[in-house]
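Shown next, in C-alpha cells, is the structure this report addresses.
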Amino acid sequence: MTLSDFQQLPHDHQQEQLYFRGSLLANRYEDNYVYLLYALDSFYVEMQYDAIRNRLRRLSAFHSTDLLLPYLPLLPDDILKTNSE
C-alpha cells in the first residue's frame, strides 16, 4: 500500500490497516494526548488520541523523517541502524 492509497481510504479503514498491518514503533505523551507512531509499508502514521475524552483525534500519514524527531529518543537503537553498519 502506498501513502496515497492509505490517505484515500475512509477513516475507519485507515484504522483497520494500522491495527492489522501496522507495526507500532513508539508512543509518547503530551498534555492530555497520547501519540502512537506506526510503520506501515513504506510510510509512517501518527495517531493522536485524546486520553481525557477517550477518542481518536487525528491520523497523520507521512514519509518525512523530520516528523520522527519527537520519537527518536523513544526508538530502540537497532531501528536506527542502517544495513551498511
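Each reported figure results from applying straightforward, stated rules to the coordinates on display, with no laboratory input. What you are looking at is a predicted structure, and each value in this text was computed from that prediction instead of being measured. Cβ coordinates were reconstructed from backbone atoms using ideal geometry, including for glycine residues, and neighbour counts include every protein chain displayed.
Points to keep in mind about this one:
- Think of the chain as having a plus end and a minus end, set by charges on the Cβ of Lys, Arg, Asp and Glu; of P10, Y38, L72, P10 sits farthest toward the positive end of this dipole.
- For peptides 48-56, 29-37, sequence by mean Cβ density within 10 Å, most packed first: 29-37, 48-56
- Assigned charges on the beta-carbon of Lys, Arg, Asp, Glu; segment 3-72 dipole about Cα centre (debye): 180 debye
- Whole-number D in µm²/s for the chain (Stokes-Einstein; Kirkwood sum over Cα pairs; 37 °C, 0.692 mPa s): 240 µm²/s
- Using θ = phi - 60° and Karplus 6.51 cos²θ - 1.76 cosθ + 1.60, couplings along segment 25-34 (whole Hz; Gly, Pro as x): 9, 6, 9, 9, 10, 8, 6, 8, 10, 10
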